[in-house]
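Here is the structure we will look at, set down as structure tokens.
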Amino acid sequence: ALARRSRQFVKDSSAAVLQAGVIALDLETLEATVEGAPMDLTAKEREILKLFLSKPGRVFSRERILNSVWGASEDPLTNIVDVYVGRLRRKLGSYGSELQTVRGAGYRLRAK
């Protein structure tokens with residue numbers, strides 16, 4: 001568990017970076033990268049990625065993602081989470097499959 005945790009939070013010249021495998025998010029500059037190449041993410045996509053990177057391997061329900069990113073005011077029957085996860089998968093390119101659908105439960109970022 002300690003080794004896993006050390007991979008998630010990497011200190012880089014005083015900036016906190018969340019990372020799982022080749023996917024990273026610098027919390028200071030808000031720059032997301034995959035294999036070191038910058039990703040062009042919207043604020044909502046970045047928040048979803050941050051949530052997944054905060055606990056790789058953990059399953060997040062659609063409701064949890066909705067409340068964390070959009071707040072409780074959003075209609076719980078909306079498919080907005082599915083749409084944004086799909087967009088994020090496309091932007092991750094060949095690593096899009098790292099965002100896994102857990103049938104009946106939600107989504108998770110595969111832990112490396």
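Just so it is clear, none of the values below were taken in a lab; they were calculated from the coordinates. A quick note: this is a predicted structure, and the numbers were derived from the prediction, not measured. Methodologically, a virtual Cβ is constructed for each residue, glycine included, from the backbone with ideal geometry; neighbour enumeration extends over all protein chains shown.
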> Within segment 22-39, is even one residue touching a Gly at 6+ places or on another chain (Cβ under 7 Å) and of a type outside the set (A, V, I, L, M)?
Replying inline: no
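Residue-by-condition table, conditions (1) part of a helix (DSSP H, G or I); (2) hydroxyl-bearing (Ser, Thr, Tyr); (3) under 19 Å from ARG110 (Cβ atoms):
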residue: ALA16; (1), (2), (3): no, no, no
residue: GLU28; (1), (2), (3): no, no, no
residue: ARG58; (1), (2), (3): no, no, yes
residue: LEU66; (1), (2), (3): yes, no, no
residue: SER73; (1), (2), (3): no, yes, no
residue: LEU77; (1), (2), (3): no, no, no
residue: TYR84; (1), (2), (3): yes, yes, yes
residue: SER94; (1), (2), (3): yes, yes, yes
residue: SER97; (1), (2), (3): yes, yes, yes
> List the pairs whose first member sits in segment 69-90 and is touching a residue at least 12 places away in the same chain (Cβ under 8 Å), whose second member is aromatic (Phe, Trp, Tyr) and assigned to a loop (DSSP other than H, G, I, E, B), and whose Cβ atoms are under 9 Å apart, counting only residues at least 6 apart or on separate chains?
Replying inline: THR78/TRP70; ILE80/TRP70; VAL81/TRP70
